[in-house]
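These notes concern the structure reproduced below.
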Amino acid sequence: MEKRKNTRWNGWGYESVYIDIPCKAKELLTDTVGPGKIQKDYPLKEYLNKVPPSRLASHPLIITAPRERFFHAHGQSLPDWIGFRGGTLDRFPDGVAFPENIEQIQELIHYANNNQVVIIPYGGGTSVVGHLKVPDDKRPVLSICLKRFNRMIAFDPYTRIATFEAGIKGPEIERHLNPKGFTLGHFPQSFEFSSLGGWVVTRSSGQQALKYGSINELFVGGQVLTPKGKIDILPLPASAAGPDIKHLVMGSEARMGILTHVTVKVSPIPHKDDVYGVFFPSWENALEAVRVIMGEDIPISMLRLSNPRETQINLSLAGRNRLSWILNKYLKIRGFPDSGNCMALIGFAGSSRMVLQAFKELSIHIRKFKGVRVGKSMGKAWKKNRFRAPYLRNTLWDLGYAIDTLETAVNWDKVTSTMKNIEKVLHQGLTPLGEKIYAFSHLSHVYPTGSNIYTTFLFRLADTPEKTLLRWKILKKTASRAIINARGTISHQHGIGVDHLPYISAEKGKLGMELIRTLCSHVDPEKLMNPGKLIG
Ligand SMILES: Cc1cc2nc3c(=O)[nH]c(=O)nc-3n(C[C@H](O)[C@H](O)[C@H](O)COP(=O)(O)OP(=O)(O)OC[C@H]3O[C@@H](n4cnc5c(N)ncnc54)[C@H](O)[C@@H]3O)c2cc1C
């Protein structure tokens, strides 16, 4: 039986990591949404009793024990959380397989084809949009977990490409590459647990995508096993030979097959990799500075701009009262107002000379928009905690609050209005139920033509999981509509899964959706691959 080692069975991350929330942040929460409504967790034992008998014929590669079936029945979306903490998960895969080589994956696809078995590939289980939801299907469902299919197959420093088995996770990739002086440079916040294959098929974006590229740029080739056969993608530096098959695989959310091998572009580890804190006196100044900087071709590695409300929560979460006090005093001396300030984190990575030059150029723009640099300490703290923020989901839930995120991308002319409208509809969303919510946003992936908007929202748990789910559904719907009405994308980086399914056609159009459906059904005519996701 697979052991979960020391990861949480009903939350995020390692059991040994717990992040407490400073008193000031707790006060802010109570003042804005009210005291948390602490709910009792549903016990694992009861869950395991709920898993029904498997419908799968026995196979030496397939485990049908309730424990594994429960662990592979969900991802990390808020509905998933409500399910595993509240006891409302009611669909489980009929079995789980842990293939260790390509022959075993082929054998499992063959078995599924011959026995009409639905397949859900499982990478790291970090999907936040319901990619792993078990469909209500007459056919048995098999979860193929790729965690043991995780080796490095090839590494070539001369061409700067490396090939991995798709189940490999972020830290393992860096453990292979770093001693050789290289990095993949893909650092989503879920880095500790998400897999290379998962990143590609959900079009993931990492924190330093400005330097290394998102997975769209890093993925250069590989192999997909579909129910109809194999697709090999050559890792060419470029090609004008018709549409690029890579782009069909990226974002396919397992609807085309199992991505088995992934060839990626790798980069030398930079000599310098620094992140600086910058404050702007208003959102308007900050946004204009960022827009201009993005049009200037300055080689920055990351840029994250928090709006005033997120700046306030970040400072209260930092919990370092004395430092915050000094910072406020300093900003006041520099003529900043008491409220409305925005914090930006701006990173540089490369040679010392290049970093110095980029920093000089950037400083000109920061000054032009009345920004103030506050040194590297905030950047250092961010780097140290960059994968720890998601652990707050555990803490908040224990305190009686649910937290979720929404993300989109729009052109520069619509960034402010879309961000404000998303927050506005969220803030009003639960008024008829007499509940308040707290929403704040940042931009973390910026482009010359526009930016993503990443909004976090927080509300109180209700007295039953069903009512908490209803609160989430109201908020998700109203915010998703605000995104679609602004002609933004329904997802900049998390994908479609089931949660964004009602909104994808607004972006792709009728014919576009038909095209995607036809491509998927060509390689998977029986709809064995992850049905219900991406295209329904
Ligand atoms: C706390 C947290 C922070 C996050 N931060 C980010 C972020 O910064 N950037 C970002 O882009 N995303 C982020 N995400 C979302 C999530 O991590 C990504 O969508 C990630 O790419 C999913 O990878 P995974 O390996 O966990 O895939 P899973 O969740 O296991 O699966 C996701 C989908 O991919 C399919 N799949 C997985 N592996 C394969 C394969 N080899 N072949 C075919 N299909 C496959 C699954 O069937 C499923 O449809 C975050 C999620 C959480 C919970």
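The values are calculated or read from the model by the stated rules, or taken from the named source; none is laboratory data. Because the structure is a prediction, the values reported are computed rather than measured. Because the Cβ atoms are built from the backbone with ideal geometry, glycine has one as well, and the counts that use them run over all protein chains shown. Note: accessible area is taken over every heavy atom of the protein model, side chains too, but ligands, DNA and RNA are not part of it. Shrake-Rupley method; radii C 1.70, N 1.55, O 1.52, S 1.80 Å.
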**Complete:** Its Cα gyration tensor gives the stretch 220-373 an equivalent ellipsoid whose semi-axes in whole Å, largest first, are 43, 19, 15
**Request:** Answer with one residue from A286, G185, H74: the one whose Cα lies farthest towards the positive end of the charge dipole of the chain, charges on Cβ with Lys, Arg +1 and Asp, Glu -1.
**Result:** A286
**Rounded to 5, the percent of DSSP beta bridges in the stretch 110-267 classed as antiparallel** = 80 percent
**Item:** Among V410, L132, T163 - extreme Cα towards positive end, dipole of the chain, charges at beta-carbon
**Value:** V410
**Request:** Starting from the amide H of R151, placed 1.01 Å from N in the peptide plane, find each other amide H under 5 Å away whose residue is 5 or more places distant or on another chain.
**Result:** E165
**Item:** Gain on full stretching of the segment that runs from H59 to S16 - 0.36 nm per residue minus C-alpha separation
**Value:** 11.9 nm
**Fill in**
For the stretch 134-149, Karplus-derived ³J(HN,Hα) couplings (6.51, -1.76, 1.60; θ = phi - 60°; whole Hz; x for glycine and proline) come out as 7, x, 7, 10, 5, 7, x, 10, 10, 8, 9, 8, 9, 4, 9, 9
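Assuming 0.36 nm per residue, please report the length gained on full extension of the stretch S352 to S377 beyond their Cα-Cα distance. Intermediate values should be presented prior to the final figure.
On the way: separation 25, 0.36 × 25 = 9.00 nm, distance 1.87 nm.
Extending this stretch completely gives an extra 7.1 nm.
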**Asked** Once the principal axes of the Cα atoms of the chain are found, what is the range along each, listed largest first in whole angstroms?
**Response** 73, 59, 46
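Averaging over all projection directions, find the projected area of the Cα convex hull of the stretch 389-536 and quote it in nm² with one decimal place. Write out the running numbers ahead of the final one.
Values: hull surface 42.6 nm².
Mean shadow area of the hull around the Cα atoms is 10.7 nm².
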**Item:** Heavy atoms of D404: accessible area, 1.4 Å probe, square angstrom to 10
**Value:** 10 Å²
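For R471, R304, R517, R255, what's the largest-to-smallest order of accessible area, 1.4 Å probe? Don't jump to the answer; show the numbers that get you there.
Details: R471 30, R304 55, R517 105, R255 5 Å².
Ranked list, largest accessible area first: R517, R304, R471, R255.
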**Cβ-defined net charge surrounding V290, 13 Å radius [Lys, Arg +1; Asp, Glu -1]** = 0
**Probe 1.4 Å, accessible area per residue of the chain, Å²** = 44 Å²
**Request:** Within the set of other residues whose C-beta is less than 9 Å from the C-beta of R460, count the net charge using Lys and Arg as +1 and Asp and Glu as -1.
**Result:** +2
**Message:** If amide hydrogens are placed 1.01 Å from N in the peptide plane, which non-local residues have theirs closer than 5 Å to the one on T7?
**Reply:** E15
**Item:** Cα long-axis angle, helix 102-115 against the chain (0 to 90 degrees, to the nearest 10)
**Value:** 60 degrees
**Asked** Where does helix 352-368 land angle-wise versus the long Cα axis of the chain, in degrees 0 to 90, nearest 10?
**Response** 60 degrees
**Fill in**
Residue-normalised 222 nm signal for the chain, counting each DSSP H run of n ≥ 4 as -39,500 (n - 2.57), nearest 500 deg cm²/dmol, is -11500 deg cm²/dmol
**Request:** Please figure out what share of the DSSP beta bridges in the chain is antiparallel and state it in percent, rounded to the nearest 5.
**Result:** 85 percent
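Within the accessible area of the chain, what % is carbon and sulfur when the probe is 1.4 Å and the other protein chains stay in place? Before the final figure, lay out the partial values.
Numbers: 12780 of 23510 Å².
Roughly 54 percent of what the probe reaches on the chain is carbon or sulfur.
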**Fill in**
Between the Cα axis of helix 321-333 and the main Cα principal axis of the chain, the angle (0 to 90°, nearest 10) is 50 degrees
**Request:** For the stretch 124-254, list log₁₀ I(q)/I(0) at each q in 0.21 Å⁻¹, using the Debye formula over Cα point scatterers of equal strength and ignoring solvent, two decimals each.
**Result:** -1.48
**Item:** Interchain or long-range residues, amide H under 5 Å from S301's placed H
**Value:** G347, F348, A349
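At a Förster distance of 30 Å, what's the computed FRET efficiency of E27 paired with R91, Cβ-Cβ distance as r, to 0.05? All intermediate terms of the calculation are to be shown ahead of the outcome.
On the way: r = 40 Å, r/R0 = 1.34.
E(calc), rounded to 0.05, equals 0.15.
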**Asked** So what is the relative contact order of the chain, in percent, for Cα pairs below 8 Å that sit 6 or more residues apart?
**Response** 18 percent
**Prompt:** If you place +1 on the Cβ of every Lys and Arg, -1 on the Cβ of every Asp and Glu, and leave all else neutral, what size is the dipole of the stretch 280-330 about its Cα centre, to the nearest 20 Debye?
**Reply:** 420 debye
**Request:** Could you run the Karplus curve 6.51 cos²θ - 1.76 cosθ + 1.60 with θ = phi - 60° over the stretch 301-312 and give me ³J(HN,Hα) per residue in whole Hz, x for Gly and Pro?
**Result:** 9, 7, 8, 10, 10, 8, 6, x, 5, 5, 4, 4
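Taking the Cα centre of the stretch 362-466 as origin, sum charge times position over the Cβ atoms of Lys and Arg (+1) and Asp and Glu (-1), and report the length of that vector in debye to the nearest 20. Walk me through the intermediate numbers first.
Numbers: 16 positive and 8 negative charges, 213 e Å.
In debye, rounded to 20, the stretch 362-466 gives about 1020.
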**Request:** Any chance you could run the full-extension gain for D413 through Q116? It's 0.36 nm times the residue separation minus the Cα-Cα distance, nm to one decimal.
**Result:** 102.0 nm
**Complete:** Among the stretch 7-34, those whose backbone N falls under 20 Å of a label point 7 Å along Cα→Cβ from H427 are 25-34
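Hey, got the dipole for the chain? About the Cα centre, +1 on K and R Cβ, -1 on D and E Cβ, debye to the nearest 20?
Details: 71 positive and 47 negative charges, 263 e Å.
My answer is approximately 1260 debye.
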**Message:** Please list 3J(HN,Hα) in residue order for the stretch 182-197, calculated via the Karplus relation 6.51 cos²θ - 1.76 cosθ + 1.60 where θ = phi - 60°; whole Hz, with x for glycine and proline.
**Reply:** 10, 9, 7, x, 9, 10, x, 5, 8, 2, 4, 10, 7, 10, 4, x
